[in-house]
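Asker: Quick one: structure below, then a few questions.
The values are calculated or read from the model by the stated rules, or taken from the named source; none is laboratory data. All values reported here derive from a predicted model rather than from experimental measurement. Positions of Cβ are generated from backbone atoms using ideal geometry, with glycine treated the same way; all protein chains shown enter the neighbour counts. The protein model used for the area step is the full one, side chains on, heavy atoms only, and it has no ligands, DNA or RNA in it. Shrake-Rupley method; radii C 1.70, N 1.55, O 1.52, S 1.80 Å.
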Amino acid sequence: VGIDEYDVVSRLSEAEKIISPIIGADKQNLEIPGTAFTPLHAILAPLNYGSTKMSGIDVGLTYFLRQYNITFDTNFSFYNSTEYYNKLTKKNDPINAPKFKMNASLMWDTEKFGTIGIKYKHVDQYLWKDGIWSGIIGPYDLIDLLYNYKLNEYLGLNITIQNLFNDVHKEMVGGPFMTRQITMRLSANI
């Protein structure tokens, strides 16, 4: 039995073809998409957990050192509950988010050299479940470098290095492995 799929002709049906009792013009049994009759059809959809309680704290701070053109920005998030009880499976399901995560950045804006920045991101280890995808995410720590330079009145150059130290990780189960990424952009402002 395959995965249920919806087709406008055959409605809810199985992915694989089956031999049907219907005889075609060539006097052979037709091959059609299979349809499950037992157990009863089940369509999977998002689950409404009803009334739930979630608590935590999210704190952000931005500090400007105007005399040096430096901006410091940070954010901390802490969840008190990271799972909910699923009445259908009689088990706890994760909320697909870590108990703790944080971001911090430092940006220096200069007239002579442009804007130079560094960003840091920490994500704690957590359990991820989404349909057939299930597994552990993290922990990971990332450092990004940013550089913006105004070449003239109309042109700007931007260079970004994400995941500077190449901490190979996944940010969601079933998703790609994230590695270092270097991006260079030339932008025009007309």
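Asker: What are the pairs with Cβ atoms under 6 angstrom where one residue, in region 70-95, is at negative phi and the other, located anywhere, is at pLDDT 95 or above and among the small types (Gly, Ala, Ser)? Sequence gap at least six, or different chains.
Answerer: Within 6 Å, the pairs are Asp73/Ser105; Thr74/Ala104; Asn75/Gly60.
Asker: So, one more: Which of the residues that make up region 70-86 are among the polar types (S, T, N, Q) and either more than 24 Å from Gly60 (Cα to Cα) or part of a strand (DSSP E or B) (or both)?
Answerer: Once the filter is applied, which keeps residues that are among the polar types (S, T, N, Q) and either more than 24 Å from Gly60 (Cα to Cα) or part of a strand (DSSP E or B) (or both), region 70-86 yields Thr71, Thr74, Asn75, Ser77, Asn86.
Asker: Search region 128-144 for residues that are farther than 12 Å from Met172 by Cα and pair each with any residue that is surrounded by 17 or more Cβ atoms within 10 Å (Cβ to Cβ) and polar (S, T, N, Q) when their beta-carbon atoms are under 8 Å apart and the residues are at least 6 apart or on different chains.
Answerer: Leu142/Gln162; Leu142/Asn163; Ile143/Asn163; Asp144/Gln162; Asp144/Asn163
Asker: Starting from region 167-178, take each residue that is of a type in the set (Gly, Ala, Ser) and list its partners that are open to solvent by less than 50 Å² (accessible area, probe 1.4 Å), counting only C-beta distances under 9 angstrom and pairs at least six apart or across chains.
Answerer: Gly174/Trp128; Gly174/Gly135
Asker: Now for a different question. Report yes if Asn158 is part of a strand (DSSP E or B), in contact (Cβ under 8 Å) with a residue 12 or more places away in the chain and crowded, with 16+ Cβ neighbours inside 10 Å, otherwise no.
Answerer: So Asn158 does not fit the description; no.
Asker: So how many residues does region 117-153 have that are crowded, with 16+ Cβ neighbours inside 10 Å, part of a strand (DSSP E or B) and not basic (Lys, Arg)?
Answerer: Summing the residues that are crowded, with 16+ Cβ neighbours inside 10 Å, part of a strand (DSSP E or B) and not basic (Lys, Arg) in region 117-153 gives 12.
Residues are listed down the side, and each one gets a yes or a no for (1) at pLDDT 80 or above; (2) part of a loop (DSSP other than H, G, I, E, B); (3) in contact with a strand residue (DSSP E or B) (Cβ under 8 Å, 6 or more places away or on another chain); (4) open to solvent by less than 90 Å² (accessible area, probe 1.4 Å):
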site: Glu31; (1), (2), (3), (4): yes, no, yes, no
site: Thr35; (1), (2), (3), (4): no, yes, yes, yes
site: Ala45; (1), (2), (3), (4): no, yes, no, yes
site: Ser51; (1), (2), (3), (4): no, yes, no, no
site: Leu88; (1), (2), (3), (4): no, yes, no, no
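Asker: Can you tell which of Val168, Val173 is aliphatic (A, V, I, L, M), open to solvent by less than 70 Å² (accessible area, probe 1.4 Å) and within 20 Å of the chain's Cα centre (by Cα)?
Answerer: After applying the criteria, what remains is Val173.
Asker: For region 118-140, what are the residues that are closer than 14 Å to Asn96 by Cβ and touching a Ser or Thr at 6+ places or on another chain (Cβ under 9 Å)?
Answerer: Within region 118-140, Tyr126, Leu127, Trp128 meet the criteria.
Asker: For residues in region 176-190 being of a type in the set (Ser, Thr, Tyr) and surrounded by 11 or more Cβ atoms within 10 Å (Cβ to Cβ), which is farthest from Phe113 (Cα to Cα)?
Answerer: Out of the qualifying residues, it is Thr179.
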